[in-house]
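Notes for the one structure printed next.
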Amino acid sequence: RLVPPPSDRPLPAVARPQGPIELSTAQATPVVSAGGSDERAQPVTDTPTFPILGSPDTTSEQFGELRYLGQAQGVLLLFESEQDLVIIDQHAAHERITYERLHAQLRRGRVAAQRLLVPHTVELGPVDADRIETLKDRLDKFGLEISRSGSDRVTIHAVPAEIADTSPDRLLADMVLACEQGRVDSPGETQEHLLAAMACHGSLRAGKTVKPAEAQALIEQMDQIDFAGHCPHGRPVLARLPWRDILRRVGRE
């Protein structure tokens, strides 16, 4: 079964040859505000408080002007400007870029789709197949084209072009979940759930090695979008640490 009927029951994984799918929990990620923190430790007197969150001053600095230093912890991209060390979460940043691109496509009418070379069939129970069939037109608008191919299965013919490398059946599961999480009387909320779920699928994962050229391309893309400082699920994309504060910590004031 792909998804349960609307109720309090959890969403089971889609059956696939490689084993059960662990469904994305991105929708449940708590929102963290740029000024918020749950740290309880108090800063030592005269010691700068880290981290400092924010984005470059767009009147004087662009992301593409930052100099790439390297990758840390398999998820953080390190850049520098004259004033700051800039730490960027590669998944959150790419997720924001993907979200904005998908949103722009939707404003033009629908999300661009890319047809699969070989249609992908998902085995389901009849009840799930019936429910997913009722969402066919909505999913189509978001670039996921499906058809009923039997009493207990559906076939995926195309996926959103922006995230074409994702697993088709896992994407279907998360998009159906997003549709059912939105309120019937709030199409805007449902749209946000769908776009956020889709953006998560198409973004760089923690642990992926990022080459310098890829890191540079990522921040240049950040200059081309309506950058809000957070990923679609509310996590800050970056932290800025002033060099003057770092130098104080190592006794080089």
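The values are calculated or read from the model by the stated rules, or taken from the named source; none is laboratory data. Fair warning: this is a prediction, and the values are worked out from it, not measured in the lab. Quick reminder, even Gly has a Cβ in these numbers, built from the backbone with ideal geometry, and neighbours come from all protein chains shown. Ligands, DNA and RNA are excluded from the accessible area calculation, which covers all protein heavy atoms including side chains. Shrake-Rupley method; radii C 1.70, N 1.55, O 1.52, S 1.80 Å.
Structure summary
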| read-out | value |
| --- | --- |
| Subset of the range 120-153 (residues that are of a type in the set (A, V, I, L, M) and either within 30 Å of Q221 (Cα to Cα) or out of contact with any Asp or Glu (no Cβ under 7 Å at 6 or more places or on another chain) (or both)) | V127, I132, L135, L139, L144, I146 |
| Those residues of the range 232-253 which are without any contact (Cβ under 8 Å) to a residue 40 or more places away in the chain and closer than 18 Å to L76 by Cβ, in sequence order | none |
| Output for the range 153-172, where each listed residue is in a helix (DSSP H, G or I) and surrounded by fewer than 19 Cβ atoms within 10 Å (Cβ to Cβ) | A161, R170 |
| Residue check for E192: within 23 Å of E80 (Cα to Cα), open to solvent by 20 Å² or more (accessible area, probe 1.4 Å) and among the charged types (D, E, K, R) | no |
| Failed condition for C179, given (1) in a helix (DSSP H, G or I); (2) open to solvent by less than 60 Å² (accessible area, probe 1.4 Å); (3) more than 23 Å from R110 (Cβ to Cβ) | (3) |
| Of all residues in the range 202-222 being under 17 Å from H103 (Cβ atoms) and at pLDDT 85 or above, the one that is most open to solvent (accessible area, probe 1.4 Å) | Q221 |
| The one condition in (1) touching a Pro at 6+ places or on another chain (Cβ under 7 Å); (2) at pLDDT 95 or above that D152 fails to fulfil | (2) |
| Per-region count, the range 128-152, residues in a helix (DSSP H, G or I), surrounded by fewer than 18 Cβ atoms within 10 Å (Cβ to Cβ) and not β-branched (V, I, T) | 7 |
| Test: residue in the range 173-189 that is under 15 Å from the mean Cα position of the chain (by Cα) and farther than 20 Å from L116 by Cα | yes |
| Residue within the range 117-127 that is under 13 Å from V159 (Cβ atoms), in a strand (DSSP E or B) and of a type outside the set (A, V, I, L, M, F, W, C) present | yes |
